[in-house]
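The next block holds one structure in the form of structure tokens; read it before the comments.
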Amino acid sequence: MAAFALEREPAGFAQINVTPLVDVMLVLLVIFMITAPLLTHKLALDFSHCSVNCPTVADPVKLSIKQTGELYWNGVALNHAELAGNLAVLAQQDDPPMLTLHPEARTKYERITEVLVMAKNAKLRRISVDSAER
């Protein structure tokens, strides 16, 4: 009869295999990391049908920075002194337009930083830097 006796398992801890859980979590993390940047995008609003109390947005000011250090304010060449004056005038407006920097490819970071410091000293808040023009 001993051959048919039920053997009891020794008393111990019940363990859960967490390896599949970790694998699933890593796959979900990778999927989230890939899809999250795709979900952020700009929202285009069309106010062409608006007739009363429509918000107006000023065109951004384009400031191009060449490799040689030349500066162009909406396509017009200027020097650092004129740039400081233009930035001061821009900052004094009630609702100043965005200042968009367009550095040329391989422009020294030092030149871009100088312009950003000048814009900050002029108390401009809306500044964007576009990728280097090619």
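The figures follow:
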read-out	value
Criterion (at pLDDT 90 or above and touching a helix residue (DSSP H, G or I) at 6+ places or on another chain (Cβ under 6 Å)) met by exactly one of PRO96, PRO103	PRO103
Count of segment 73-113 residues which are surrounded by 12 or more Cβ atoms within 10 Å (Cβ to Cβ) and either touching a His at 6+ places or on another chain (Cβ under 8 Å) or within 17 Å of SER131 (Cβ to Cβ) (or both)	11
Any hit, segment 125-132, residues being of a type in the set (Asp, Glu), loosely packed, with under 13 Cβ neighbours inside 10 Å and touching a residue at least 24 places away in the same chain (Cβ under 8 Å)	yes
Residue count for segment 76-100, restricted to those that are over 25 Å from the mean Cα position of the chain (by Cα) and either over 12 Å from LEU124 (Cβ atoms) or not in a loop (DSSP other than H, G, I, E, B) (or both)	14
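Quick grid of which residues meet (1) in a helix (DSSP H, G or I); (2) at pLDDT 70 or above; (3) surrounded by 10 or more Cβ atoms within 10 Å (Cβ to Cβ):
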{"position": "LEU6", "(1), (2), (3)": "no, no, no"}
{"position": "PHE13", "(1), (2), (3)": "no, no, no"}
{"position": "LEU26", "(1), (2), (3)": "yes, yes, yes"}
{"position": "LYS42", "(1), (2), (3)": "no, no, no"}
{"position": "ASP46", "(1), (2), (3)": "no, no, no"}
{"position": "SER51", "(1), (2), (3)": "no, no, no"}
{"position": "PRO55", "(1), (2), (3)": "no, no, no"}
{"position": "LYS62", "(1), (2), (3)": "no, yes, yes"}
{"position": "GLY69", "(1), (2), (3)": "no, yes, yes"}
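The values are calculated or read from the model by the stated rules, or taken from the named source; none is laboratory data. Bear in mind the structure is a predicted one, so any value in this text is a computation, not a measurement. All Cβ positions, glycine included, derive from the backbone under ideal geometry; neighbour counts span all protein chains shown.
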